[in-house]
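Student: Sharing a structure, written as structure tokens. Questions coming.
Here, each number is a calculation from the coordinates, and none is a lab measurement. Treat the numbers as computed from the prediction; the structure is a model and nothing was measured. As a convention, Cβ positions derive from the backbone with ideal geometry for all residues, glycine included, and neighbour counts pool all protein chains shown.
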Amino acid sequence: MKKIVALGGSNSKNSINKTLASYAASLVENSEVEVIDLNDYRLPLYGIDEETENGIPEDARKLDALLSSADGLVISLAEHNGSYSVAFKNVFDWLSRIDKEVWKQKPMLLMATSPGGRGGVTVLQAAKMSFPYLGGNIIADFSLPSFHKNFSENALLDEALKSDLDGKIDLLKEAI
């Protein structure tokens with residue numbers, strides 16, 4: 001059985017990106033899904049002085065080990081003012097201090113969603129450009145616009161979007 005790690009790039013208790021990542025990961029048959037909630041990883045704000053004085057936090061090491069144990073990754077990013085959420089960026093920064101290959105070359109479905117019609121495409125584009133330099137093996141990407149209009153009861157409502165995501169899931173399954 002393959003292990004899929006799903007991560008929503010937000011610390012919102014009701015993260016639509018965590019919901020989307022969990023849903024997409026659940027579509028990979030014959031796999032065990034572990035969902036990461038960024039709230040479970042208490043990390044101080046990254047800075048070189050913090051790292052020099054206190055070292056790398058144990059929660060960052062635990063998250064790094066979890067990523068290492070995965071056969072595949074499903075990551076959905078929240079977009080805050082056109083970029084990563086602060087919570088995600090902080091985790092990302094700490095992980096990069098443990099291993100520059102943050103994403104471990106694991107096959108990855110990279111996604112974003114938002115309540116708005118652009119579906120987080122700006123942050124998705126930024127991640128598509130930077131993740132490969134940090135061990136990101138992006139097999140496919142997917143943007144879900146207007147989350148509350150297009151997702152309900154753990155299902156995509158729009159058939160064209162559902163078909164698109166199913167194709168991306170197939171690509172991920174083939175790569176794992």
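Student: For a 26 Å ceiling on Cα separation, which of these pairs sit above it: 128/168; 100/149; 13/173; 62/104; 2/168?
Tutor: Pairs exceeding the cut-off: 100/149; 13/173.
Student: Of the chain, which part is the longest with no GluC sites (Glu not before Pro) in a loop (DSSP not H, G, I, E, B) and with at most 13 other C-beta atoms within 10 angstrom?
Tutor: No qualifying site falls inside 30-152, the longest such stretch.
Student: Here's something else I'd like to know. Relative to the longest principal Cα axis of the chain, at what angle does helix 58-69 sit, 0 to 90 degrees, rounded to 10?
Tutor: It works out to around 50 degrees.
Student: Roughly how many whole Å is it from the C-alpha centroid of region 113-161 to that of region 10-71?
Tutor: That distance is 18 Å.
Student: Run down the aspartates and glutamates and flag those whose C-alpha is under 13 Å from the C-alpha of residue 162, throwing out any fewer than 8 positions away in its chain.
Tutor: 170
Student: Next question. Using the crude model of +1 on Lys and Arg Cβ and -1 on Asp and Glu Cβ, and no other charge, please compute the dipole size for region 2-175 relative to its Cα centre, in debye to 20.
Tutor: Charge dipole of region 2-175: 220 debye, to the nearest 20.
Student: Something else now. Would you mind checking the tilt of helix 86-98 against the longest principal axis of the Cα atoms of the chain, expressed as 0 to 90 degrees and rounded to 10?
Tutor: The angle comes out near 60 degrees.
Student: Now a separate question. Evaluate the relative contact order of region 75-176 (contact order divided by residue number), counting alpha-carbon pairs under 8 angstrom at least 6 apart; express in whole percent.
Tutor: Value for region 75-176: 28 percent.
Student: Hey, what angle do you get for helix 16-26 against the long axis of the chain, alpha-carbon based, 0 to 90 degrees rounded to 10?
Tutor: Relative to the chain, helix 16-26 is tipped by roughly 70 degrees.
Student: Okay, moving on. Just one of (i) 138; (ii) 103; (iii) 202 is volume of the Cα convex hull per residue in Å³ calculated from these coordinates, so which is it?
Tutor: (ii)
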